[in-house]
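Participant: My structure is below; once you've seen it, I'll send some questions.
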Amino acid sequence: MSTPVRSMKKRKTEAPQSAAPARAPRAPKKSGELALPPECIVADAIHLKAQLNKLVSKPVVTLDAAAVKRVDTASLQLLTAFVRERQKDGKAVEWRATDGAFADAARLLGLNALLGLDPPSPQAA
Amino acid sequence: MAIDLTQFHDAFFEESFEALDSMEAALLKLDIGAPEPELVNTIFRVAHSIKGGSATFGFSEIASFTHSLETLLDELRGNRMQVTFEISDLLLKSVDVMREMLRAVQAKQTIDAQRVADLQFDLELMIVNRAAASAPAFTAPAVFAEPTPPVAAVVAVVEPAAPSVAKWLISFRPYPELFARGNDPLRMMRELNELGELRVHVKDAALPAFAELDPQSCYLAWDMELSGGAVDEAAIRTVFDWTEGDCDLDIKLAAPSRHSPASELLSAAPADLPPDDELDALLAANNAATHIAVSAAAPAQATAAPVAQAAAPAATPLHGVKSDAPAKAEVHGPGGDLSSIRVSVEKIDELMNTVGELVITQAMLSQLSRSLEGPAAEKFRSGLAQLERNMRELQESVMRVRMLPISFVFSRFPRMSRDLAQRLGKHIDLKLTGENTELDKTVLEKIGDPLVHLVRNSIDHGIESPEVRTAAGKSPTGTVQLDACHRGGNIAVEVSDDGGGLDKDRILAKARSRGMIGPNDVLSDEQIHDLIFLPGFSTAEKTTDVSGRGVGMDVVRRNITELGGKIEIRSERGVGSRFIITLPLTLAIVDGQSVAVGTETYIVPLISIVESLQLKAGNISRLSGRGEVFSFRGDYLPIVRLHELFGVEPRTRNLQEGLVVIAEGDGRRVGLFVDDLLGQQQVVIKSLETNYGHVPGVSGATILGDGSVALILDLSGLIRAASMRAAA
Amino acid sequence: MATNTAAKPEQSTGPESYQVLTFVLGSETYGVDILRVQEIRGWSAVTKIPHAPSHVLGVLNLRGSIVPIVDLRMRFALERAEYTAITVIIVLSVVSGTSRRDFGVVVDGVSDVVDVKSAEVRPAPELGSRSAIEYIRGLVPVSERMVVLLDIDRLIGSDMATIADNSNRDGFDNAASAA
């Protein structure tokens, strides 16, 4: 049921030097992006964890929810843990295109704040 | 001396069953989103009248159950509760239970107390939750103590149980295996969100570090606040139904909110319920320009809570319940109307029999009068002719007394289709037309079962599942239509559907594999469709218990032919099927053609006759394997020699010297070879089976004008008997 | 058509004795429980029923009901007799289960109504190959004659069973049907 995740693009860019505390430019060359699948459900949660695991230490992580049609508590719980993990290291998670199903679900579960979705996510590129 | 009430029991049972039927009909018509008050009132009145009657006769279990039902219905009637699917189902179940109870009491058997208790508990729970939700909700007096400006004393909504500002605190602590059990808290939040205004606080204390987290275990918990007028604890618990055993759940009512717009009007939070008369006085003194109503029906909780706006979607603030003392609630059932009277079936049957005898006697007199001569004889004969006309009118009038609208039979189908469709996962739109068409009571009683079978068939095998329908470009909702009308002196009842139609290929294959037809037989579409009437024939993939095993189409047809009717099929693959039943208006009388075979007279029902003719040598042939046949409209029809079949010595054995009556039955047409045609008349059907038994090919007997007995032919049976004879 | 209804005398208490209508068939006298007798009437032409057992002559209109008429001589395989002016039909009521059926039996003539004491009834001997025991309740001496008491319920009941069996087959022939 889950669709293959787009392979991560490795960009060799300079991590921007900003004052935002969430970004730690320790490893300036690697940033990670993950497009969440249309069906983010408990059945695929283990797979999602594996994918997120690869991003845990990236300097920049962007999660793209544009394709998400359905998401459940297990997936949001996982993402919450992920975000928290990043925050422990002083890193942030950037969100893209979360408006719609994703944001609704997060709101209903009261996970907005923990996921870092509040205030409204940055617009899709 | 106590009055013996048992004489009234029958009337009570009869009226109660009828009332339950109207209650069920009203429930099925009810639009859950916008229930018509009149329907709700009807339902309430039914429960109320049954309660009263059963209490009077000492049927205490029924009275007690109906009392709970009445209380719940009163809440609905007063708009203090909203009609939901859950409640509608509960009420339908109550109808079933009440029917059972009435039947049990009527038959002097024991009631299934457990079933009643279970359902009564559910009813009580509904009611209690309603009341509990509102218990601490109101004090009006504080407001009314001083003369308030009319604006503030806005609308008094009779809502003793409406928690316009209730707030529920829900603590939801899932166990880790909640996900594994297929539960998703998100779904519950969504549902709660629909019930009212939801605030969610997640508790993530137990969430482990990312690395240690097992993605399929649940570590989160939630505290929630749910506010809304229509919310009650039962509704909340229902949301969490599936999580039983997988979580800790705590639901409690919060102290009334101080932030709802309604309370802004109040200077103080409501605390107590005012006694009725005090409130009345206050209200009277208030002289509010708005509509204030107090429900006398609410059990001692008359309350007025001013609300400026709809506190909950369900309660329309401006809607008041008319002061309607339940004690006076009229029940306009069939018993309350003096322009009609109840007559027992036996009396009508007696009347019919007597009229039938009159007809026979009159026929005898006419017969005798033929041999009279002289001027007086002429007058006598014309007098008799007048008598015959009067008799015919009398007969028709009495027949009409026995006629009832087919709606009595149709009425069971909405409920049946709804339940069946639900069970099978199909979407069915049932249309009933011609419900006012009247037919004889006995025919009515016997047409029910065949119709049930046909409708079940349509829903089960005819209408496809929504997916299949959509894929075929049809609307996912299938239509089943029941129609009745008078047509040419008969009744036509039709069951049609827009389902998949009959699969001719499968029918042919099955018939061939069973040896019912030869491998090279060529059959017309009509003949293929008719194959399904053969005994033991069913091409359904699996016999669902819905359509029933052993109740095949052959039984359906037999039932119909026993009524003197016939059934035809029109079907088109992919489009749908029509089952057309033609029935005589009455079982007691048949229009028949008298025929002579030797010294015997037989009656052939006109409904079966196509045409009568005299054969010429050129028409007649003999086909190998089929015996004597004659050509008729491009087809070869078999000749049935009645004298052979019945073992009677005929006037002539020469086909060209006698007559052939082309008749149909059992889906086939044959030519009946007889000596003479004697005339057409209406004959009163007498049973041969009461004292003798069933004779193949004979449906009954009648008494002719000369007092002798003539047998009435049953074409279906006759054709079957003739076929077997030919095959032997 | 002489029609008279047999008087139904007072019922004697208990089964110790009961009343019996006796009639003649050939040289034998038979009797049936008076409570079963509906009426007695003269002979009239009957309407034949296709392929009925040969002792069932046909049906008659009896005050609006269609009643089958059985020739008891044929039933008992006695010599056939001509139907004369004194040939009589006794209309009997047979009870089976909860239903009641009326039947007419053709007899040579009706005799008296007699009182029968149960104690005096003797069992019937085997009469040849006919399993007469089936429908004979016993023999009782009545003024120098032996009256054969018939169990009319059993007699007609077994006929009914045969007729019912035949009618369950759709065809008239006794050969098994093709379907």
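Participant: Give the peptides B:519-528, B:467-476, B:217-226 in descending order of average Cβ contacts within 10 Å, highest first.
Facilitator: Ranked from most to least packed, the peptides come out as B:217-226, B:467-476, B:519-528.
Participant: Counting other Cβ atoms within 10 Å, which GluC sites (Glu not before Pro) in segment C:12-103 have at most 15 and lie in a DSSP loop?
Facilitator: C:Glu16, C:Glu79, C:Glu82
Participant: Follow-up question, since we're still on this one. Is there a simple number for the mean count of other chain Cβ atoms within 10 Å of the Cβ of residues in A:68-80, and what is it?
Facilitator: Mean number of neighbouring Cβ atoms from other chains: 5.
Participant: Hey, another quick one. Could you pull out every residue, at least 5 positions away or on a different chain, whose amide H is within less than 5 Å of the one on C:Ile136? Hs are placed 1.01 Å off N in the peptide plane, and Pro or chain starts have none.
Facilitator: Answer set, sorted by chain and number: C:Asp151.
Participant: Sticking with this structure for a sec: Distance from the Cα centre of segment B:35-87 to that of segment B:661-717, in angstrom?
Facilitator: Measuring centre to centre over Cα atoms gives 53 Å.
Participant: Here's a follow-up. Report Rg/Rh for segment B:445-515, rounded to two decimals, where Rg is the Cα radius of gyration and Rh the Kirkwood radius.
Facilitator: 1.08
Participant: Hey, rough spin-label estimate for B:Gln386 and C:Ala45, points 7 angstrom out along Cα→Cβ, what's it come to in nanometres?
Facilitator: 3.4
Participant: Next question, about the same structure. For segment B:372-381, take each phi angle, set θ = phi - 60°, evaluate the Karplus expression 6.51 cos²θ - 1.76 cosθ + 1.60, and give the result in whole Hz per residue in order, putting x for glycine and proline.
Facilitator: Whole-Hz 3J(HN,Hα) from phi for segment B:372-381: 7, 9, x, x, 4, 4, 4, 4, 4, 5.
Participant: Hey, which of these cross-link pairs are over 26 Å Cα-Cα: B:Lys93/B:Lys426; B:Lys51/B:Lys347; A:Lys49/A:Lys69; B:Lys29/B:Lys93; B:Lys686/C:Lys48; B:Lys566/B:Lys686?
Facilitator: The answer is B:Lys51/B:Lys347.
Participant: Using a 7 Å offset from the Cα along the Cα-to-Cβ direction at both B:Arg506 and B:Lys431, what is the distance between the two label points in nm, to one decimal?
Facilitator: Modelled inter-label distance: 2.5 nm.
Participant: So, one more: For the pair B:Ala113 and B:Asp419, what calculated FRET efficiency results from E = 1/(1 + (r/R0)^6), where r is the Cβ-Cβ distance and R0 = 22 Å, to the nearest 0.05?
Facilitator: 0.35
Participant: Where a ≥ b ≥ c are the square roots of the eigenvalues of the C-alpha gyration tensor, would you call segment B:345-402 rounded, which needs a/c under 1.5, or, failing that, prolate if a/b is larger than b/c, or oblate?
Facilitator: In terms of gyration-tensor shape, prolate.
Participant: Per residue of A:94-107, how many C-beta atoms from partner chains lie within 10 Å of its own C-beta, taken as a mean?
Facilitator: That average works out to 1.
Participant: Right, another one. Would you tell me the mean number of C-beta atoms belonging to other protein chains that fall within 10 Å of each C-beta in A:34-42, as a whole number?
Facilitator: Mean number of neighbouring Cβ atoms from other chains: 1.
Participant: So, with +1 on the Cβ of K and R and -1 on the Cβ of D and E, and no other charges, what is the size of the charge dipole of segment C:22-118 about its Cα centre, to the nearest 20 debye?
Facilitator: 380
Quick note: the coordinates plus some simple rules give every number you see, no bench work behind them. Note that the structure is a prediction, hence the values are computed from the model and not measured. Every residue, glycine as well, gets a Cβ built from its backbone with ideal geometry; the counts of neighbours run over all protein chains shown.
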